[in-house]
Amino acid sequence: MRAHVGDRLVLEAIHVGEPRRVGVITELRHPDGTPPYMVRWLDTDRESMVFPGSEAHIEPPHAPHHAH
């Protein structure tokens, strides 16, 4: 997984009833764009460091965003 600042990180729910989470990558920890990432979550406006798993994918900032 490789990302750029401004890309969206989408974490799909892995358990029934959990919401999908979407955040904006605000900082890269490695110059090659590999994890971990600093992410500002759109639902809480808080930032956290994320080590994304298999439920995660990256969307470019200009891609249409579809809430589930």
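Annotations for the structure displayed:
- Remark: the range 16-32, residue by residue, has Karplus-estimated 3J(HN,Hα) of 4, x, 7, x, 6, 10, 10, x, 9, 6, 9, 7, 9, 8, 10, x, 8 Hz, where x stands for each Gly or Pro and the curve is 6.51 cos²θ - 1.76 cosθ + 1.60 at θ = phi - 60°.
- The dipole here belongs to the chain: it is taken about the Cα centre, uses +1 on the Cβ of Lys and Arg and -1 on the Cβ of Asp and Glu, and is about 60 debye.
- Shape call, the range 8-59: gyration tensor on alpha carbons, a/c limit 1.5: oblate
Readers should treat all values here as calculations from the given coordinates under stated rules, not as data from a laboratory. As the structure is a computational prediction, the values presented were derived from the model and not from experiment. Glycine gets a Cβ as well: all are built from the backbone with ideal geometry, and neighbour counts include every protein chain shown.
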